[in-house]
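Report on the structure given below.
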Amino acid sequence: MKILVPVKRVVDYNVKIRVKPDGSGVELANVKMSMNPFDEIAIEEALRLKEAGKATEVIAVSIGPVKTDETIRTALAMGADRGIWVKTDEAGIEPLTVAKILRKIVEAEGPGLVILGKQAIDDDANQTGQMLSALLGWPQATFASKVVVGEGKIDVTREIDGGLQTLELALPAVLTTDLRLNEPRYASLPNIMKAKKKPIEEKSAADLGIDLSPRLEVLSTLEPAGRTAGKKVGSVAELVGDLKQAGVI
Ligand code: AMP
């Protein structure tokens, strides 16, 4: 069974985001970019399934502009076998468009499982896996925290409000990863070197017959409101007085 893992290049989670002066989005120039953390978890899970003899090949796919291949290389350095890069002029392709592109790749590659992150930390859309499963007509299990592959089926434990839910899905299926599914490995130096030789196939959206025109318009992007300065109080009585004045108690 092949496993396809879509990996998105996003602003690194340690970077303090800056909004562009015209409010059209966030600044991407000269900003450290990394693989979306939930996608690292997806790659890790696919690799573990391959190591357990449940999968034969792990394919990392990414849709994005120049340098997106760096993110695919990271997946290859972790252990993925090959990559597919759907090259675009711009970043920020909408989830529905990404899902349509992924459907075409799934149709061409025939994986038994597609493992996506539950959400990309840039837009927090949490849509692509769900849309892909609908477009393919495949079962889906989102927010997976445990995965057990059986004969023609997969048991997925999901984190839900106040507990865990376990679903059995017929393969092929779509999964999205939650934070506690696993702890992704670091790529070792020899594997980083080996990854340089692994193939990355380049495609365009036009090759796949997909129109990249956006359907959504960003009206504004705003920084969160700054916090007002705190104050040190001299006694409990002063604290209670201040809280009463602020209408908190
Ligand atoms: P989202 O629906 O945008 O929150 O993204 C959910 C998941 O879809 C991500 O964790 C990735 O696995 C996948 N994904 C979204 N956008 C892309 C992209 N441009 N290239 C590859 N995978 C993507």
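The values are calculated or read from the model by the stated rules, or taken from the named source; none is laboratory data. Note that the structure is predicted; figures quoted are calculated from it, not measured. A quick note on method: Cβ atoms are made from the backbone with ideal geometry, for glycine too, and the neighbour counts reach across all protein chains shown.
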**Prompt:** Scanning for something closer than 28 Å to GLN165 by Cα, over 15 Å from the mean Cα position of the chain (by Cα) and modelled with pLDDT of 95 or more, does region 91-103 turn up at least one residue?
**Reply:** yes
**Prompt:** If you take the residues in region 158-206 that are among the polar types (S, T, N, Q) and under 17 Å from the mean Cα position of the chain (by Cα), which one is farthest from ASP39 (Cα to Cα)?
**Reply:** ASN182
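Condition test on VAL218, is it more than 25 Å from the chain's Cα centre (by Cα), modelled with pLDDT under 95 and part of a loop (DSSP other than H, G, I, E, B)?
Details: more than 25 Å from the chain's Cα centre (by Cα): no; modelled with pLDDT under 95: yes; part of a loop (DSSP other than H, G, I, E, B): yes.
So VAL218 does not fit the description; no.
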**Complete:** Per the filter on region 104-129, residues more than 9 Å from the ligand (Cβ to nearest atom), assigned to a loop (DSSP other than H, G, I, E, B) and surrounded by fewer than 20 Cβ atoms within 10 Å (Cβ to Cβ) are GLY110, GLY112
**Prompt:** Can you spot a residue in region 132-139 that is within 14 Å of the ligand (Cβ to nearest atom) and closer than 19 Å to THR68 by Cβ?
**Reply:** yes
**Message:** I want to confirm something. Restricting to region 18-53 and keeping residues that are assigned to a loop (DSSP other than H, G, I, E, B) and within 16 Å of the ligand (Cβ to nearest atom), which single residue is farthest from ALA75 (Cα to Cα)?
**Reply:** GLY25
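Among the candidates GLY209, GLY247, GLY230, GLY163, single out the residue that is more than 30 Å from MET78 (Cα to Cα), modelled with pLDDT of 95 or more and exposed (fewer than 10 other Cβ atoms within 10 Å of the Cβ).
Working: GLY247 fails: modelled with pLDDT of 95 or more; GLY230 fails: modelled with pLDDT of 95 or more; GLY163 fails: modelled with pLDDT of 95 or more.
From the options GLY209, GLY247, GLY230, GLY163, the qualifying one is GLY209.
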**Item:** Residue in region 57-73 that is farthest from THR97 (Cα to Cα), counting only those that are touching a helix residue (DSSP H, G or I) at 6+ places or on another chain (Cβ under 7 Å) and not in a helix (DSSP H, G or I)
**Value:** VAL58
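Condition first: within 15 Å of PRO214 (Cβ to Cβ), of a type in the set (A, V, I, L, M) and touching a strand residue (DSSP E or B) at 6+ places or on another chain (Cβ under 9 Å). Now tell me which residues in region 63-111 satisfy that.
Kept after step one, since they are within 15 Å of PRO214 (Cβ to Cβ), are these residues of region 63-111: 63-65, 88-101.
Going one step further and asking which of them are of a type in the set (A, V, I, L, M), we end up with 63, 91, 93, 96, 98-99, 101.
The answer is ILE63, ALA91, ILE93, VAL98, ILE101.
Considering only residues that are away from the ligand (no atom under 14 Å from the Cβ) and assigned to a helix (DSSP H, G or I), look in region 74-103 and name the one that is surrounded by the fewest Cβ atoms within 10 Å (Cβ to Cβ). Can you show your working first?
If we filter region 74-103 for residues that are away from the ligand (no atom under 14 Å from the Cβ), which is where we start, we get 76-79, 81-82.
Those still in the list that are assigned to a helix (DSSP H, G or I) too: 76-78.
Working: LEU76: 26, ALA77: 21, MET78: 25.
Here the answer is ALA77.
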**Complete:** Per the filter on region 35-70, residues free of Cβ contacts under 8 Å to residues at least 40 places away in the same chain and within 20 Å of ALA120 (Cα to Cα) are PRO65, VAL66
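On the given criteria, is LYS194 part of a helix (DSSP H, G or I), more than 23 Å from LYS118 (Cα to Cα) and of a type in the set (Lys, Arg)?
Taking the combined requirement at face value, the residue satisfies it.
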